[in-house]
Amino acid sequence: MTVILDGKLLAEKITAKIRAEILKNSLKPKLAVIKVGDNPASLIYVRNKQKKALELGIESVVIELPSNVSEENLLEQIYILNEDTEINAILVQLPLPEHINKQRVIEAIEPIKDVDGFTSYNFGRLALGYQPYSFPCTPKGIIRLLDEYNISLEGKKAVVIGRSNIVGKPLSILMQRRNATVIMAHSKTVNLKEHTLSADIVVSAAGHPYLITEDMINKGCIIVDVGINRIDNKLIGDIDFNTVKEKASYITPVPGGIGPMTIAMLMENTLELYKLQKSFEL
Ligand code: NDP
């Protein structure tokens, strides 16, 4: 029987714990989100993050900048947040407008406030097998969800589709750290099906609806769907859920899978950075 990996339920458990810890100890974590322009998807993501933070007792501020903001002004905002001792975590909502150098902006964030783990300091530590200040939220959430269902990665062949710095690349490193044999696929991969058919785990983070169909996976395969695609005002993933579900041993739904786990990990990272910064003050 196929097990649905319920990210919504686990995210609720994790965030309930965070809320209880904040209340019990009167903690005051504070998250700053920078949003540039009015990309409709970004508006929804930022609103959801703010709403969750409020529920948990995490203070959040959103700095809204127009889409024509100069890179210098955006960097200036980050420097101000870096210096502000009340701000523990900084997130720059992606994507940024074309005229802004994304990497330069990310690199401006103090690594100890880099709640997404995207700076080269934190990413480098992750790649080298050391402890970063924060692990990137989506890959961290995926591993946490697999752990919750006691799914071991050791010795398994994992195919990760997508090689972005925010999902595919860090996830492949985390999976290798758990002793999986990882194949990273991308848009130039030739004959993706050949790889997925021999995989124990398939993770799709391509942003391409119906990329993975039932004929592309083996019976018993574990399926993680990171993709978010809007079709006819409906959210769907990269996996053809209804047919693939029949063959998979475990599968994440969209919505209700990796999305809520990503937000839960953002809240957890914010609290962890707060505690770390407080410990340095002692
Ligand atoms: P990017 O666009 O940065 O990367 C997409 C990756 O997928 C690229 O490596 C690209 O290859 C690869 N790809 C695209 N099309 C194909 C294809 N047909 N076959 C194989 N590989 C392909 O996206 P992100 O990593 O930022 O996000 C990926 C998806 O995950 C999106 O749908 C996004 O909305 C979603 N997402 C969901 C989150 C959640 O919380 N659930 C969080 C973050 C993202 P190449 O490198 O060659 O271009």
Gain upon complete extension [Val61, Lys102; 0.36 nm per residue less C-alpha separation] | 12.7 nm
Net charge, Glu83 excluded, C-beta distance under 12 Å - Lys, Arg +1, Asp, Glu -1 = -3
With springs only between Cα atoms under 10 Å apart, run a GNM on the chain and tell me which of Pro132, Pro66, Pro170 wobbles the most.
-> Pro66
What ³J(HN,Hα) values, in whole Hz, does the Karplus curve 6.51 cos²θ - 1.76 cosθ + 1.60 give for segment 91-103 when θ = phi - 60°, with x put for Gly and Pro?
-> 10, 9, 5, 9, x, 9, x, 3, 6, 9, 7, 4, 5
Net dipole in debye of segment 126-219 [+1 Lys, Arg Cβ; -1 Asp, Glu Cβ; about Cα centre; nearest 20] = 280
For segment 21-122, what is the Kirkwood estimate of the hydrodynamic radius, computed as the reciprocal of the mean inverse distance between distinct Cα atoms, to one decimal in Å?
-> 14.1
Chain lengthening between Glu281 and Ser26 when straightened (0.36 nm per residue, less Cα-Cα) | 90.1 nm
Using only the alpha-carbon atoms of segment 127-282, report the extent along each of the three principal axes, biggest first, to the nearest angstrom.
-> 58, 38, 31
Tell me which residues come under 5 Å, amide H to amide H, from Thr181 once H is placed; ignore anything under 5 positions away on its chain.
-> Gly155, Lys156, Lys157, Ala158
For segment 219-282, the charge dipole (Cβ of Lys, Arg +1; Cβ of Asp, Glu -1; about the Cα centre) points to a positive end, and the Cα of Tyr250, Asn229, Met267 closest to that extreme belongs to Tyr250
In the chain, what percent of the accessible surface is made up of carbon and sulfur (1.4 Å probe, ligands and nucleic acids excluded)?
-> 52
All lysines inside 18 Å of Lys13 as judged from Cα atoms, apart from same-chain residues fewer than 8 positions distant | Lys24, Lys49, Lys51, Lys52, Lys140
Could you tell me, in Å, what Rg and Dmax come out for the Cα atoms of the chain?
-> 18.9, 58
Name the long-range amide H neighbours of Val62: under 5 Å, sequence gap of 5 or more, or other chain; modelled H, no Pro or chain starts.
-> Val33
Excluding ligands, DNA and RNA, what is the solvent-accessible area per residue of the chain at a probe of 1.4 Å, expressed in Å²?
-> 49
Give me the number: length gained by fully extending Leu197 to Glu83, i.e. 0.36 nm times residue separation minus the C-alpha to C-alpha distance, one decimal in nm.
-> 36.0 nm
Within-14-Å neighbourhood charge of Ile236 [Cβ basis; K, R +1; D, E -1] | -1
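The values are calculated or read from the model by the stated rules, or taken from the named source; none is laboratory data. Quick caveat: nothing in here was measured; it's all calculated off a predicted structure. Don't worry about glycine lacking a Cβ; one is built from the backbone with ideal geometry, like all the others, and counts go over all protein chains shown. Ligands, DNA and RNA are excluded from the accessible area calculation, which covers all protein heavy atoms including side chains. Shrake-Rupley method; radii C 1.70, N 1.55, O 1.52, S 1.80 Å.
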